[in-house]
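A quick write-up on the structure given underneath.
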């Protein structure tokens, strides 16, 4: 999954905020302050569907679009993709952990504790 362009991100923000499948007109209306053509919004949604970021289904003559992932899920996937770009995931994770604020350290610690409880313990060495 790649990064989104500025307009793609704006469209996704509308879809994430709405929380329900939207037709092009809904998204264009939510972005009215940008004065975008209907066809521009339609093209962006079509591209997002081809990228797999949104899914669409027919509703009469229109398509309804919805995100394939939550906003948080999308960001988490970007972070995982970024880790895949490095040759040393441990170093990148360590650098990241050392760069976050104290409140973020607490959030990460709690998340890691939850993750550790879900996984079985490593078998004892023979």
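Read the figures in this text as sums done on the coordinates, not as results from a lab. This structure is a prediction, so every number in the text was calculated from the model and none was measured. In this analysis, Cβ positions are derived from the backbone assuming ideal geometry, glycine residues included, and neighbour counts consider all displayed protein chains.
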Could you say whether any residue in the stretch 44-56 is over 19 Å from residue 6 (Cα atoms) and part of a helix (DSSP H, G or I)?
no
Just to check your reading of the model, which residue among 62, 30 is surrounded by 11 or more Cβ atoms within 10 Å (Cβ to Cβ) and farther than 19 Å from residue 6 by Cα?
62
Of all the residues that make up the stretch 73-123, how many are farther than 17 Å from residue 3 by Cβ and part of a loop (DSSP other than H, G, I, E, B)?
9
Counting only residues that are out of contact with any helix residue (DSSP H, G or I) (no Cβ under 6 Å at 6 or more places or on another chain) and free of Cβ contacts under 8 Å to residues at least 40 places away in the same chain, the stretch 14-30 contains a total of 6
